[in-house]
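Remarks on the structure that follows.
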Amino acid sequence: DAGITQSPRYKITETGRQVTLMCHQTWSHSYMFWYRQDLGHGLRLIYYSAAADITDKGEVPDGYVVSRSKTENFPLTLESATRSQTSVYFCASSLDGSIAKNIQYFGAGTRLSVL
Amino acid sequence: AQKITQTQPGMFVQEKEAVTLDCTYDTSDPSYGLFWYKQPSSGEMIFLIYQGSYDQQNATEGRYSLNFQKARKSANLVISASQLGDSAMYFCAMRERAGNNRKLIWGLGTSLAVNP
């Protein structure tokens, strides 16, 4: 059971470069999420997706682009990386449900450094 | 205003003792869910336990239990018989029924250190 995998685990890039972080889940979960984790801010939602071809902004979407052409994949692209995007990025997925219980399962994270 | 508050930035506990990590929340939605996650030094986020607002009993999962006091809007995590492997950051989160985005609202976490 592979679960949810993120790649790469570590990435160093330069300001202005485009970077894509990959997320793949094998559970056929409807919902997928991208978070960033920074000291003093906790986890902040960047984008989420309710299903293939349905995406929406979270709290901090500026500078990021997402797509979801297939249910299992949810890549996050930094179109022109900035130093402020240095962070740990987490992908998560959850099985859709109409009640509050909707556990999100997380990938191992990608540590991104923008120099 | 903070919707999830974890007032203890850091906690210490002796191995084999119980520890309570505090979480208070703020919502006007009658239907909501509360979650606790663990983040060890390796970095992954691990789901621990869930409590629904309409659940009559406090949730338990092995050594983890949730002390849910609805009137006080608190959902404290209790870890019994602490182990060295429990040393980690612990995050409380809430999901409200309102809205369709299944978004979790997160606290800033509590760092727990278990001493041998």
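The values are calculated or read from the model by the stated rules, or taken from the named source; none is laboratory data. Note that this is a predicted model, so its numbers are computed, not measured. Positions of Cβ are generated from backbone atoms using ideal geometry, with glycine treated the same way; all protein chains shown enter the neighbour counts.
When you check B:Gly62 against the structure, is it small (Gly, Ala, Ser), at pLDDT below 95 and at positive phi, yes or no? Taking the combined requirement at face value, the residue does not satisfy it. For region B:45-57, what are the residues that are surrounded by 15 or more Cβ atoms within 10 Å (Cβ to Cβ) and assigned to a loop (DSSP other than H, G, I, E, B)? Passing the criteria: B:Met45, B:Ser53, B:Asp55. Listed by position, the strands (runs of 3 or more DSSP E) inside region A:1-105 whose residues that are within 12 Å of chain B (Cβ to nearest Cβ) number at least 1 are A:4-7, A:10-13, A:31-38, A:42-51, A:54-57, A:87-94.
The number of residues in region A:65-115 that are touching a residue at least 40 places away in the same chain (Cβ under 8 Å) and β-branched (Val, Ile, Thr) comes to 6. Taking only region B:15-56 into account, find how many residues are at pLDDT 95 or above, within 17 Å of A:Asn102 (Cα to Cα) and among the acidic types (Asp, Glu). Number satisfying all stated conditions: 0. Considered as a group, the residues in region B:49-63 that are within 14 Å of chain A (Cβ to nearest Cβ) and in contact with a strand residue (DSSP E or B) (Cβ under 9 Å, 6 or more places away or on another chain) include one that is farthest from B:Gly10 (Cα to Cα), and that residue is B:Asp55. From the list B:Lys73, B:Lys16, the lone residue that is touching a strand residue (DSSP E or B) at 6+ places or on another chain (Cβ under 6 Å), away from chain A (no Cβ under 13 Å), touching a residue at least 40 places away in the same chain (Cβ under 8 Å) and on the phi > 0 side of the Ramachandran plot is B:Lys73. Taken over region B:82-116, the criterion of being more than 14 Å from chain A (Cβ to nearest Cβ) and either modelled with pLDDT of 95 or more or in a strand (DSSP E or B) (or both) is satisfied by B:Ser82, B:Gln83, B:Leu84, B:Gly85, B:Asp86, B:Ser87, B:Leu112, B:Ala113, B:Val114, B:Asn115. Would you confirm whether any residue within region B:2-10 is more than 26 Å from A:Asp38 (Cα to Cα), surrounded by fewer than 16 Cβ atoms within 10 Å (Cβ to Cβ), more than 12 Å from the chain's Cα centre (by Cα) and of a type in the set (Lys, Arg)? Within region B:2-10 (the criterion being more than 26 Å from A:Asp38 (Cα to Cα), surrounded by fewer than 16 Cβ atoms within 10 Å (Cβ to Cβ), more than 12 Å from the chain's Cα centre (by Cα) and of a type in the set (Lys, Arg)), the answer is no, since none of the residues qualifies. Just one of the listed residues (B:Ser42, B:Ser28, B:Ser111) is exposed (fewer than 12 other Cβ atoms within 10 Å of the Cβ), under 20 Å from A:Gln37 (Cβ atoms) and out of contact with any Leu (no Cβ under 6 Å at 6 or more places or on another chain), and it is B:Ser42.
Going by the structure shown, is A:Leu112 closer than 22 Å to B:Gln39 by Cα, touching a helix residue (DSSP H, G or I) at 6+ places or on another chain (Cβ under 9 Å) and either surrounded by fewer than 16 Cβ atoms within 10 Å (Cβ to Cβ) or more than 12 Å from chain B (Cβ to nearest Cβ) (or both)?
Yes; evaluated as a whole, the condition is true for this residue.
On the stretch given as region B:28-48, residues that are more than 9 Å from every other protein chain (Cβ to nearest Cβ) and within 19 Å of A:Gly42 (Cα to Cα) total 5. Scanning region A:38-57 for residues that are buried (at least 19 other Cβ atoms within 10 Å of the Cβ) and within 11 Å of the chain's Cα centre (by Cα) gives A:Leu45, A:Ile46, A:Tyr47, A:Tyr48, A:Ser49.
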